1. What is the list of residues in region 84-128 whose amide nitrogen lies under 12 Å from a point 7 angstrom out from the Cα of E42, following Cα to Cβ?
2. Please enumerate, by chain and number, the lysines with C-alpha under 22 Å from the C-alpha of K21, excluding those fewer than 8 residues away in the same chain.
3. If I take R0 = 30 Å and measure r between the Cβ atoms of N2 and D57 in this structure, what FRET efficiency does the formula 1/(1 + (r/R0)^6) give, to the nearest 0.05?
4. What is the sum of charges, Lys and Arg at +1 and Asp and Glu at -1, for the other residues whose Cβ falls under 13 Å from the Cβ of I106?
5. Divide by every residue of the chain the summed helix terms, -39500 (n - 2.57) for each DSSP H run of at least 4, and state the resulting mean residue ellipticity at 222 nm, rounded to the nearest 500 deg cm²/dmol.
6. State to the nearest 20 debye the size of the charge dipole of the chain about its Cα centre, where the only charges are +1 on K and R beta carbons and -1 on D and E beta carbons.
7. How far is it, in nm, from the label point at D76 to the one at E227 when both lie 7 Å from their Cα along the line to the Cβ?
8. Cβ under 15 Å from D97's Cβ, D97 left aside: what net charge do those residues give with Lys, Arg +1 and Asp, Glu -1?
Amino acid sequence: MNRPAVMITGAAKRIGAEIAKAFGQAGWHVIIHYGRSAEEAEALAAELPSAEAIHCDLADSDGAVALVKSLAGRIDNWRALINSASIFRYDNATDIDRATYNRSMIINAKTPARMAQAYLAHARAEGGRRVIHVTDQKLENSNPDFFSYTMSKHALSATIAMLADGAAGPDDRVYGLAPGAILASHDQTADETDQSHVLNLLQRKTEASEISEAMLFLAEGHLANGETLFVDSGQHLLDQPRDVIYLARETENHTQAEGA
């Protein structure tokens with residue numbers, strides 16, 4: 001039996017790289033997609049038992065679809081497509097930034113949706129195929145920050161049920177995985193990162209390994225088609241008025257003011 005193959009977008013660094021390592025260690029052939037991080041992608045591929053690095057600009061949806069079709073033509077057991085790549089740029093509910101909106105909607109929603117469509121139309125796999133979209137706990141715990149990013153994740157999330165109902169075969173599964181705060185993001189300091197990562201229901205840091213383990217679980221297809229799994233220590237169950245980046249920053253600034 002051939003190794004099952006998984007393609008992970010944005011897999012050269014951060015969470016995508018952690019997911020790639022987990023699948024590689026579990027015996028999968030890992031296709032590491034990258035945009036600008038060629039050196040990191042090639043180094044990661046060299047670390048894993050069976051892997052390759054491929055480049056594609058996800059702002060080019062047609063190019064991304066062509067890549068999926070090309071891979072489907074040469075990979076016999078392409079078991080999973082994980083759409084992990086996204087851009088995370090600031091705008092807010094009072095002032096949407098047109099350039100941020102346009103890029104967010106293409107890279108975070110349009111391109112992964114089209115890649116999923118192409119994958120389900122052309123890829124072959126033993127025991128069914130899996131599409132896993134990385135969304136965000138913001139789907140349930142909204143705030144005005146990162147407005148275009150959040151809109152794009154809602155758009156991507158909306159495709160999960162539609163793809164499950166209209167494009168997936170009887171043995172296929174289409175899932176979402178919604179993480180909370182995992183790694184430092186945007187312009188956070190180390191102290192802000194530490195504080196923001198415990199702003200959840202359990203008041204604990206969600207580890208990157210928990211995301212990887214959840215991905216491997218979803219790749220087995222045990223959940224019903226169209227489900228989204230939240231891995232965020234309960235952050236999505238809260239009602240936070242701002243992104244945790246700014247909640248932590250406000251706490252830090254208040255602490256510093258009190259100590260002055």
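1. none
2. Within the straight-line limit of under 22 Å, K21 reaches these lysines: K13, K205.
3. Numbers: r = 29 Å, r/R0 = 0.98.
Efficiency computed from Cβ-Cβ geometry: 0.55.
4. Values: positive: R89, R98, R103, K110, R114; negative: D57, D60, D62.
Net charge around I106: +2.
5. Numbers: 9 runs with 111 residues, N = 260.
Calculated from helices alone, the mean residue ellipticity at 222 nm is -13500 deg cm²/dmol.
6. Numbers: 23 positive and 35 negative charges, 192 e Å.
Roughly 920 debye for the chain.
7. 3.2 nm
8. Details: positive: R89, R98, R103; negative: D91, D95, D145.
Residues near D97 contribute 0 overall.
The values are calculated or read from the model by the stated rules, or taken from the named source; none is laboratory data. Computed from a predicted structure; not experimentally measured. For neighbour counting, all protein chains shown are included, and Cβ atoms are generated from backbone atoms with ideal geometry for every residue, glycine included. The area values use the complete protein model at the heavy-atom level, side chains included, leaving out ligands, DNA and RNA. Shrake-Rupley method; radii C 1.70, N 1.55, O 1.52, S 1.80 Å.
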